[in-house]
Amino acid sequence: MSQVLLLTKNCLADMQFQQDLQTLNFEVFCSCSVLELLNYKLDIKELVRFFKIVILSESLSEAEVAVIVPQLDTYDVAIVRKDHQAPDEAKQAKWKQLGIDEWLAEADSIADIREKLATAQKRTGTNIIEFSSLSSGRRVADSGSLQRTLSFETKLPPNFLEELKGEFSEQEQTLFNALLVRQNVPLTREEICDMLWPAAEVEHKLAQISIIIRNMKKKIAGLGFTGESIRTRRGVGYVLCQSFYELLAEADAATYFQCKTLSR
């Protein structure tokens, strides 16, 4: 069973949608109060970590979504927008840049909802191992698949560095190399801004920094690493997770990325 956080201004208005999600075997927590916490820009990481998907109800205006999504984007969770109709291509591109992974519309069938939510989870690389599968004394049905997944958390997949270098843009390579050099010391947003856009003000680039970090995490997850890779230190900056850094250090990733970047 997958856990869904539904953020809305009116829980009663979303009752039918909740039932549709429950029909698909999603465990749904519908909340107005969590929405208020986000509006006050409070840290809800300890709450959000229990969910794989956050759905923003159509009761939220576009202006409210624009404020909330960058905050949710700092967490490892799929972000889905529910609205009366799907946006056009131009608006989709805009919202994807902001951090929305998928859209649900009133015309969507139960099957459409199922497939779109599955796609959103895959796109973000969120953990697809169910809580019930990890309970004490129980064996996961596909034990071979689980072993392969867990092995990527203790060992990098074959050709991981080479493929990652090919996936990363020049900006992402520069930032990743800086994170490697800093090891367990967070890289501040000011430092990132000065590194990537020397003439720009940090305030004007905050959303873009968030998008770059998000894309890097997606690419890392897309190559088979299912553990947490880059951690957001709210109010501080970004740092490589210790377990991920140790695997990279073992593979001499710092030398690899520095040499490859300098040879461009």
Requested in this report: With a bin width of 5 angstrom, please list the P(r) values of the range 174-262 as percents of all Cα-Cα pairs, from the 0 bin to the one holding the largest distance.
Outcome: 3, 13, 25, 26, 20, 10, 3, 0
Requested in this report: Quick one: plug the Kirkwood hydrodynamic radius of the range 1-110 (C-alpha pairs) into Stokes-Einstein at 20 °C, 1.002 mPa s, and report D in µm²/s.
Outcome: 152 µm²/s
**Report entry** the range 13-123, dipole about Cα centre (Lys/Arg Cβ +1, Asp/Glu Cβ -1), debye to the nearest 20
**Finding:** 380 debye
**Report entry** Selection from Ala105, Gln121, Ala90 lying farthest towards where the dipole of the range 78-124 points positive, charges on Cβ
**Finding:** Gln121
Requested in this report: May I ask you to derive the FRET efficiency for Tyr75 and Gln22 from their Cβ-Cβ distance with R0 = 25 Å, giving the value to the nearest 0.05?
Outcome: 0.60
Requested in this report: Return one whole number: the accessible area per residue of the range 39-94 in Å², for a 1.4 Å probe.
Outcome: 50 Å²
Report summary line: Surpassing 23 Å at the alpha-carbon level, of the pairs Lys41/Lys116; Lys52/Lys91; Lys96/Lys205; Lys96/Lys116; Lys9/Lys82; Lys52/Lys205, are Lys41/Lys116; Lys52/Lys91; Lys52/Lys205
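The values are calculated or read from the model by the stated rules, or taken from the named source; none is laboratory data. Everything numeric here is computed off the predicted structure, so don't read it as measured data. Here the Cβ is made from the backbone with ideal geometry for all residues, glycine too, and neighbour counts use every protein chain on show. Surface accessibility is based on the protein's heavy atoms, side chains included, excluding ligands, DNA and RNA. Shrake-Rupley method; radii C 1.70, N 1.55, O 1.52, S 1.80 Å.
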